[in-house]
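First up is the structure itself, then whatever we jot down about it.
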Amino acid sequence: MSPLLKLILVRVGLGVLTLLMVSVVVFAATQALPGDTARAILGREATNVDRYEALKEQLGLNKPMTEQYLSWLGGVLTGDFGNSLAQDEPVTQLLSRRVINTFILVGIAALLSIPISLLLGSLTALRRDSKFDISVSIGSLSLAALPEFVIGIILILLFATQVFNWLPAVSRVDPSLPIVQQLDMFVLPALTLTLAVAPYITRILRASTIEVLESEYVMMARLKGLPERLVLNRHAVPNALAPALQVTALNLAWLAGGVVVVEYLFAFPGIGSALVDAVANRDMPMVQAICLIIAGVYVLANLTADILTILVSPRLRTGLR
Amino acid sequence: MSTPEMRVNDSELVEPPVVHADSRPSEWLMMLREAWRMGRTKIGVGIFAAIVLIAVVGPWVAPYSPTEFVAPPFSTPDIPKMWLGSDYIGHDVLTRVLYGGRTVILLALAATVIGLVLGVTLGLITGYARRWIDESIMRILDVVLAFPQIVLALLFVSILGPRLWLIVLIVGISHAPRIARVARAATLEVSQRDFVLAAEAFGIARWKILFNEILPSITSPLLVEFGLRLTYSIGVIAALSFLGFGMQPPAADWGLMINENRIGLVIQPWPVVVPVMLIGILTIGTNLIADGLGRALIGIERDTGVE
């Protein structure tokens, strides 16, 4: 087996292992619940011992823990997360529409933030210590510090209430209408996510680009007398691709967590606001499903970036041969 | 011969003459001095001090009690003696702003300290022990890293309910892997230096080497981490209160105030605007400090040739 393939397989294996351990944590979390699922479903009626025992049997709560975990995991892998305790419908059915909404929201935010962070990150690195670099640096430093809800509320004040009244402050996405007709509902949440994530990523990319530009091989290329354009295209860019991929993954990973607060702020019907509702209702199957989805996206984004990094970066690729 | 000082000297002769890391001009003091020269650090410290002052002194100068009903709900500031108007059930907004900073700052500090203690301990162990201990601890930390901080906190709140100690603990735990990575990298580098090798040669217990030799030499990157993690702690803790899982009514807390008064944003924006601005300014302040420290550290490492 080629060393490259081996390296990639090891990464994939570690990713799968992390996902498995994540599922154990999420499953074990519910088991720590005072009382059990049967009691939670029955509420006050749990005092009826017969019904309680019957439901326990039906839910498989009398089986050993590992068996319960395996059957739960089997369900998860086939898309069955059980029934919501709060709404008594399959979690998958309740979440499918919301997953799509969140996916579109994150997609818009990523389409905005990835080019912005790539552009600003590389330009500030190339024109280091220029006025442009310093002003972007101060701006991104301040914005990167702000929690998402602070940015979101400032945007609501500016564009949806006090100053201008252009956009809806609450994203009431109507499920019966096509999304293209209600894109205005997506503008403020997407903009909030973009403003929260782009500055942070810009700063990381600036630092890693500077590292490439100061590296010995770029210095060597310059000393050889190559024109600066060639130095950048042939030597700097291929090595800076790796940070760019990392940036994309970081963006997605960050957005996966960022949606929780932002969706709640705009009452946006996605999985983030569903998680807040589920936590308030202690709707455990729902909480499990959403935590798994978010952690899964996070791990997969990082794994993909790791593998692509191995494939594109000349140092790693050739270092193996 | 039998004066106490002499006895101390005698016993020192028995001990191996270990070169202590902190007998060199301490790097972290140099870093603080270097950072203080930068304008951004001064502005950051100024901001942080100002907000902490508001939070500490506030309750003494507040005109009313934070739970006193003084005006009809959502009264705008044109009422005499109520500069910021009233909130959703008629409390004085200025009073609640003056009371509401303590919890945010204290809880965030506590979470950061927990994260730092846990993270540094794990980072020292993994960086020094290496082999399978290193591997297995880092794998476990990967699992914690797979959850965005707010999601991890919500998962545990859904099980145990919105308890303050739980939130502080979970936010601290979610910082630990990130801090551990920094501490581990620094430990790996320091553990190859002469004073550590010398201590090892003298057969000093490994845990003593970790805490007496290595820990003092990795203080600088840890201080930078502290500033950064404090910024995120403030964000996450305030966000949890904003979501309704942090401080509970009738507590006066900036994050909670934003959530309670959001519905009145159009008629009476002040109970939302002022806490939002204060939280925002506070995080900008702590981030400026972290950035100043980080830049100073990079500068010192470049000058001394430490990679």
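Structural remarks
- Only one of the listed residues (B:125, B:159, B:137) is within 24 Å of residue B:208 (Cβ to Cβ) and within 14 Å of another protein chain (Cβ to nearest Cβ). That residue is B:137.
- Any hit, the stretch B:67-82, residues being within 20 Å of residue B:169 (Cβ to Cβ) and within 14 Å of chain A (Cβ to nearest Cβ): no
- Selection count where residues are outside any helix (DSSP H, G or I) and either free of Cβ contacts under 8 Å to residues at least 40 places away in the same chain or within 18 Å of residue B:240 (Cα to Cα) (or both), scope the stretch B:255-280: 3
- Any chance residue A:186 is assigned to a helix (DSSP H, G or I), without any contact (Cβ under 8 Å) to a residue 40 or more places away in the chain and of a type in the set (Phe, Trp, Tyr): no
- Residue match in the stretch A:264-274 (condition: within 20 Å of residue A:128 (Cα to Cα), surrounded by 18 or more Cβ atoms within 10 Å (Cβ to Cβ), more than 10 Å from chain B (Cβ to nearest Cβ) and in contact with a Pro (Cβ under 9 Å, 6 or more places away or on another chain)): no
- Restricting attention to the stretch B:232-254, the residues that are more than 8 Å from every other protein chain (Cβ to nearest Cβ), closer than 17 Å to residue B:165 by Cβ and of a type outside the set (Val, Ile, Thr) add up to 8.
- Listed by position, the helices (runs of 4 or more DSSP H) enclosed by the stretch B:57-173 that each have at least 2 residues that are in contact with a Lys or Arg (Cβ under 7 Å, 6 or more places away or on another chain), crowded, with 22+ Cβ neighbours inside 10 Å and not hydrophobic (A, V, I, L, M, F, W, C) are B:101-129.
- Filtered residues of the stretch A:279-303 (kept if small (Gly, Ala, Ser), more than 7 Å from every other protein chain (Cβ to nearest Cβ) and surrounded by 24 or more Cβ atoms within 10 Å (Cβ to Cβ)): A:289
- Members of the stretch B:250-259 found to be surrounded by 22 or more Cβ atoms within 10 Å (Cβ to Cβ) and either aromatic (Phe, Trp, Tyr) or out of contact with any helix residue (DSSP H, G or I) (no Cβ under 6 Å at 6 or more places or on another chain) (or both), listed by number: B:254
- Odd one out for residue A:185, checked against (1) touching a helix residue (DSSP H, G or I) at 6+ places or on another chain (Cβ under 8 Å); (2) crowded, with 20+ Cβ neighbours inside 10 Å: (1)
- Selection within the stretch A:103-158: residues that are touching a residue at least 40 places away in the same chain (Cβ under 8 Å) and not in a helix (DSSP H, G or I). The member of this set that is surrounded by the most Cβ atoms within 10 Å (Cβ to Cβ) is A:147.
This table checks each residue for (1) more than 13 Å from chain B (Cβ to nearest Cβ); (2) farther than 16 Å from residue A:106 by Cα; (3) small (Gly, Ala, Ser); (4) surrounded by 15 or more Cβ atoms within 10 Å (Cβ to Cβ).
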| residue | (1), (2), (3), (4) |
| --- | --- |
| A:196 | no, no, yes, yes |
| A:200 | no, yes, no, yes |
| A:208 | yes, yes, yes, yes |
| A:226 | yes, yes, no, yes |
| A:235 | yes, yes, no, yes |
| A:246 | yes, yes, no, yes |
| A:253 | no, no, yes, yes |
| A:256 | no, no, yes, yes |
| A:259 | no, no, no, yes |
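- Here A:233, A:239, A:281 are screened, and the one residue that is free of Cβ contacts under 8 Å to residues at least 12 places away in the same chain and not aromatic (Phe, Trp, Tyr) is A:233.
- Set A:136, A:106, A:99, A:91: member being at pLDDT 90 or above and touching a strand residue (DSSP E or B) at 6+ places or on another chain (Cβ under 9 Å): A:91
- On the stretch given as the stretch B:261-287, residues that are buried (at least 21 other Cβ atoms within 10 Å of the Cβ) and out of contact with any helix residue (DSSP H, G or I) (no Cβ under 7 Å at 6 or more places or on another chain) total 1.
- Lone qualifier among A:86, A:169 - being within 14 Å of chain B (Cβ to nearest Cβ) and either surrounded by fewer than 19 Cβ atoms within 10 Å (Cβ to Cβ) or in a helix (DSSP H, G or I) (or both): A:86
The values are calculated or read from the model by the stated rules, or taken from the named source; none is laboratory data. Keep in mind it's a predicted model, so treat the numbers as computed, not measured. Cβ atoms come from the backbone with ideal geometry, glycine included; neighbour counts cover every protein chain shown.
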